[in-house]
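The values are calculated or read from the model by the stated rules, or taken from the named source; none is laboratory data. This structure is a prediction, so every number in the text was calculated from the model and none was measured. Methodologically, a virtual Cβ is constructed for each residue, glycine included, from the backbone with ideal geometry; neighbour enumeration extends over all protein chains shown.
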Amino acid sequence: MRVPMIAGNWKMNTSIGEAEQLVNEIRRGLGGVIGVDKVVCPPFVSLATVKELIKGSSIRLGAQNLYFEEKGAYTGEISPLMLADLCEFVIIGHSERRQYFNETNEIVNKKLQAALKVGLKPILCIGEKLEENEAGRTKEVVTEQLQSSLAGIDCSGDFIIAYEPIWAIGTGKAAIGKEVNKTASLIRRTITQLYSDAIAQEIRILYGGSITADNIAEFMEQFEIDGALVGGASLKPDQFVSIIKQTQEIFYPTNPPTKDLV
Ligand code: PEP
């Protein structure tokens, strides 16, 4: 069984003080919720502080980006080696990076290679634009993103894919659970073709796009969706905690685990 994952992408929000307060409230709210991987991805400058504050809890830490070179004259960039000591996960290829910072599938591919080389677990974001969705090109776009981002990459079950239709991110207009399930199934089939069925069955596929405590259930009830990448609602501790608790209830309707599965 794939352990569900809820990851919070704080984006360019929170001062160090605000990050401290947010993670403390999430930690308090989560108490004994187990059986769900809970990840927070604060801005780079708060990673070290948050790392200290989650010690002894089951909350895990991720970064929102990295550069693909290990060191050198790349002013302002953060290398995989710097992150390897700090966190476990890293979001790669988020649509905001593709849109505002010209990240191509080729760059995403280099970043994935760099992350895996130092043992960081990538959360690879893929998803189609509104016009591509309306033109019925979702399948084609998502398959192409996967094939080119993963070219030459040795993929294992520790790899996470977040399917985030761009038109659903930060818009308050979430996709439809059943439609996302179909795309997640396509993603899993593509992973089978690129790697193996065993790897495809292990990899977690998250949905991202305007998830809230009010709509999380619609997505977590779908067979192929293993969790969520949450933006706006991850900045609201009550919402984020409720999203995680609902996920636990949906994945373990009768027998909630008594200890963490990871
Ligand atoms: C995201 O940033 O990955 C995201 C899904 O944002 P939101 O939940 O705000 O749509």
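What the table shows:
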| quantity | calculated |
| --- | --- |
| The listed residue being among the hydrophobic types (A, V, I, L, M, F, W, C) and within 16 Å of Pro237 (Cα to Cα), out of Ile34, Ile59 | Ile59 |
| Criterion (hydroxyl-bearing (Ser, Thr, Tyr), more than 19 Å from the chain's Cα centre (by Cα) and within 29 Å of Ser234 (Cβ to Cβ)) met by exactly one of Thr143, Thr138 | Thr138 |
| Tabulated pairs, the stretch 73-102, first assigned to a helix (DSSP H, G or I), second of a type in the set (Val, Ile, Thr) and within 12 Å of the ligand (Cβ to nearest atom), C-beta under 7 angstrom, 6+ apart or interchain | Ser95/Ile166; Ser95/Ile169 |
| Meets criteria (buried (at least 18 other Cβ atoms within 10 Å of the Cβ), at pLDDT 95 or above and of a type in the set (Phe, Trp, Tyr)) for Phe223 | no |
| Residue identified as touching a residue at least 60 places away in the same chain (Cβ under 8 Å) and hydrophobic (A, V, I, L, M, F, W, C) among Val23, Val36 | Val36 |
| Filtered residue count, the stretch 125-176, keeping only those that are surrounded by fewer than 18 Cβ atoms within 10 Å (Cβ to Cβ) and within 16 Å of the ligand (Cβ to nearest atom) | 7 |
| So Gly208, is it surrounded by fewer than 21 Cβ atoms within 10 Å (Cβ to Cβ) and under 27 Å from Thr143 (Cα atoms) | no |
| Flag if Val45 is surrounded by 15 or more Cβ atoms within 10 Å (Cβ to Cβ), β-branched (Val, Ile, Thr) and either within 22 Å of Leu112 (Cα to Cα) or more than 14 Å from the ligand (Cβ to nearest atom) (or both) | no |
| Filtered residue count, the stretch 182-191, keeping only those that are crowded, with 17+ Cβ neighbours inside 10 Å and polar (S, T, N, Q) | 2 |
| Residues that are closer than 19 Å to Lys110 by Cβ, in contact (Cβ under 8 Å) with a residue 40 or more places away in the chain and assigned to a loop (DSSP other than H, G, I, E, B), drawn from the stretch 150-165 | Leu150, Ala151, Gly152, Ile153, Cys155, Ser156, Phe159 |
| Pair list, Cβ < 6 Å and 6+ apart or interchain, from the stretch 136-149 residues that are within 18 Å of Asn181 (Cα to Cα) to residues that are part of a helix (DSSP H, G or I) and not polar (S, T, N, Q) | Lys139/Leu186; Val141/Glu132 |
| Considering residues of the stretch 95-113 that are surrounded by 12 or more Cβ atoms within 10 Å (Cβ to Cβ) and among the acidic types (Asp, Glu) only, the residue farthest from the ligand (Cβ to nearest atom) | Glu103 |
| Members of the stretch 59-72 that are part of a loop (DSSP other than H, G, I, E, B) and crowded, with 17+ Cβ neighbours inside 10 Å | Gln64, Asn65, Leu66, Tyr67, Phe68 |
| Selected residue [acidic (Asp, Glu) and buried (at least 16 other Cβ atoms within 10 Å of the Cβ)] from Glu218, Glu179 | Glu218 |
